[in-house]
1. Filter the stretch 61-92 for residues that are β-branched (Val, Ile, Thr), in contact with a strand residue (DSSP E or B) (Cβ under 9 Å, 6 or more places away or on another chain) and touching a residue at least 24 places away in the same chain (Cβ under 8 Å); which is surrounded by the most Cβ atoms within 10 Å (Cβ to Cβ)?
2. Quick one: would you say TYR49 is outside the structural domain of LEU234 (by TED's automatic domain parsing) and in contact (Cβ under 8 Å) with a residue 60 or more places away in the chain?
3. In the set ILE124, ILE44, which member is surrounded by 18 or more Cβ atoms within 10 Å (Cβ to Cβ), in the same structural domain as THR168 (by TED's automatic domain parsing) and either among the small types (Gly, Ala, Ser) or within 17 Å of the chain's Cα centre (by Cα) (or both)?
4. Counting residues that are in contact with a His (Cβ under 9 Å, 6 or more places away or on another chain) and closer than 30 Å to VAL74 by Cβ, which helices (runs of 4 or more DSSP H) fully inside the stretch 203-314 reach at least 1?
5. So how many residues does the stretch 123-165 have that are assigned to a strand (DSSP E or B) and in contact with an Asp or Glu (Cβ under 9 Å, 6 or more places away or on another chain)?
6. Using the structure shown, decide if ALA212 is under 27 Å from CYS17 (Cβ atoms) and surrounded by 22 or more Cβ atoms within 10 Å (Cβ to Cβ).
7. What pairs come up if the first residue lies in the stretch 255-282 and is touching a residue at least 60 places away in the same chain (Cβ under 8 Å) and β-branched (Val, Ile, Thr), the second is buried (at least 23 other Cβ atoms within 10 Å of the Cβ) and in a loop (DSSP other than H, G, I, E, B), and their beta carbons are under 6 Å apart, counting only those six or more places apart or on different chains?
8. Within the group GLU296, GLU254, GLU301, GLU276, which residue is in contact with a strand residue (DSSP E or B) (Cβ under 9 Å, 6 or more places away or on another chain), closer than 23 Å to GLN52 by Cβ and acidic (Asp, Glu)?
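The values are calculated or read from the model by the stated rules, or taken from the named source; none is laboratory data. Values in this document were obtained by computation on a predicted structure and should not be read as measured data. Methodologically, a virtual Cβ is constructed for each residue, glycine included, from the backbone with ideal geometry; neighbour enumeration extends over all protein chains shown.
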Amino acid sequence: MSLPELKILLASPRGFCAGVTRAVQIVSMALKKFGTPVYVRHEIVHNKYVVQKLADEGAVFVNELDEVPDGAVVIFSAHGVPVSVTEEAKRRGLTTIDATCPLVEKVHTEARKNYKKGRKTLLIGHQGHPEVIGTMGQVPPDEMKLISTISDIGSVPSDWADKLGYVTQTTLSLDETEGLLQALRDRFPTIVKPHQNDICYATTNRQRAVKAIAAHCDLLMVIGAPNSSNSKRLVEVAKESGCQRSILVQRAAEINWEHLSGVKTLGITAGASAPEILVKEVIDKLAEHFQITLSEHIETEEKVSFPLPASLRE
């Protein structure tokens, strides 16, 4: 019996960004330099496959520093940490390696700059996300307010109006954020914007690549974790761009084959914390069920890389 035909349209760029690549390298290199165990506060990036692979190499993932023994090596995740965490690590004499993405660190710097200049900061982001918690923790609690929706703007104290700046979570949807920022500028015309756009190049590129293919797909599959902000945004962007049937899948084993019923053209992308090996795994599994033809839409070429911390370059 011949297999049904399926055209697969791959979006590019997809998968690992420079910040994630750097964070994963940091854990691997720390294990080589210091031996096991090396402790990592929170998931280094939001992907179970990556976390399990590093755990198999000897990394121990913890929720908080009180789980890390005195004198140990601890790595801070790519999402960044509040100042209170770095101070606690210093107080306890832990050897720390900071894997915070340099683009997240840029947001932290903007928030601290606002504080030093006497400005309050509005952070556009999603409640409870580790990156948001890390950014909120860069300044005293009454100096920053989280804004997630346009309606939240109404709760900004009126006496903040003349001394106000904003920053954004790096993994947001460009379109969704633009509407919110316009409403913010309308309400506070003198609000100080960041030196550069905070939404990172990788988030932007992956969203643009999805926008370019969405209308040509019967179904669009985003490979990524359910707790990955940028992966969830890719599903939303696909739906808004013409592919209502858009789904998030962690691994090939999780594919619900009923979703592929009647699908002739399948779009595939991967969130910034999903490795290419998971894309290959999904395509290999699809090839067991369909006669596939592959084509790739390349929106742009990424040539960004970030240096490793000095302590690992020695």
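1. Here the answer is VAL81.
2. yes
3. Working: ILE44 fails: in the same structural domain as THR168 (by TED's automatic domain parsing).
So the residue among ILE124, ILE44 that is surrounded by 18 or more Cβ atoms within 10 Å (Cβ to Cβ), in the same structural domain as THR168 (by TED's automatic domain parsing) and either among the small types (Gly, Ala, Ser) or within 17 Å of the chain's Cα centre (by Cα) (or both) is ILE124.
4. Numbers: elements: 229-240, 276-287, 310-313.
Per the criteria, 229-240.
5. The total comes to 4.
6. For ALA212, the condition - under 27 Å from CYS17 (Cβ atoms) and surrounded by 22 or more Cβ atoms within 10 Å (Cβ to Cβ) - is not met.
7. These pairs meet every condition: THR265/CYS217; THR269/ARG14.
8. Exactly one of GLU296, GLU254, GLU301, GLU276 is in contact with a strand residue (DSSP E or B) (Cβ under 9 Å, 6 or more places away or on another chain), closer than 23 Å to GLN52 by Cβ and acidic (Asp, Glu), namely GLU276.
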